[in-house]
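Have a look at the structure below before the remarks.
The values are calculated or read from the model by the stated rules, or taken from the named source; none is laboratory data. Predicted, not measured: the structure shown is a model, and the values here were computed from it. All Cβ positions, even for glycine, are placed from backbone atoms using ideal geometry, and neighbour counts span all protein chains on display.
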Amino acid sequence: MTIRTLILGGAALALVSAAPAAFAHHSYAMFAEDKVMTLKGTVKEFQWTNPHGWIHVIVPDAKNQPVVWSIETGAPGGMARQGWLPKTIGPGDKISVTFHPLRNGAPGGSYMSATLPNGKVMGNPNPRAGGGGD
């Protein structure tokens, strides 16, 4: 085996192993950024994770059946700059969350803002002023 073959093989291996990281960050095309929804519900779980966090909120539907809405937030660093902490909200908290809904109608969306149990508004509910993402 020549040095050139080893180098090319190593480079190919490095590209293949880096591919999942390259695709980890997604487009926002799945969200209807021209629409804004606000729902009131009960926090099921708040995931403070990279590359994006999640707020899972239980909201009753038209038949009063619980539906879990999964709202994708920004990265923890960006959320922390907005004043969020891993324990800002927790299971059982009653919140209101404003977001861009999923285009396919599934119960989820892209976080813009949340009103906490104490009335404090986190993020930015004004879509023209930049939302609450990364």
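Miscellaneous remarks
- Cross-chain or 6+ apart pairs with Cβ under 9 Å, the range 76-96 first and over 16 Å from residue 124 (Cβ atoms), then among the acidic types (Asp, Glu) and modelled with pLDDT of 95 or more: 90/45; 91/45
- Given (1) modelled with pLDDT under 85; (2) touching a helix residue (DSSP H, G or I) at 6+ places or on another chain (Cβ under 8 Å), index of the condition residue 18 fails: (2)
- First in the range 43-60 and within 19 Å of residue 117 (Cβ to Cβ), second anywhere and assigned to a strand (DSSP E or B) and hydroxyl-bearing (Ser, Thr, Tyr), Cβ under 6 Å, 6 or more apart: 54/70; 56/70; 58/42
- Restricted to the range 21-42, and to residues there that are closer than 22 Å to residue 112 by Cβ and aromatic (Phe, Trp, Tyr), the residue that is modelled with the highest pLDDT is 31.
- Condition check for residue 64 on (1) touching a residue at least 12 places away in the same chain (Cβ under 8 Å); (2) not in a strand (DSSP E or B): one failure, at (1).
- Top-ranked residue of the range 49-69 - restricted to ones that are in contact with a strand residue (DSSP E or B) (Cβ under 9 Å, 6 or more places away or on another chain) and not aliphatic (A, V, I, L, M), ranked as surrounded by the fewest Cβ atoms within 10 Å (Cβ to Cβ): 61
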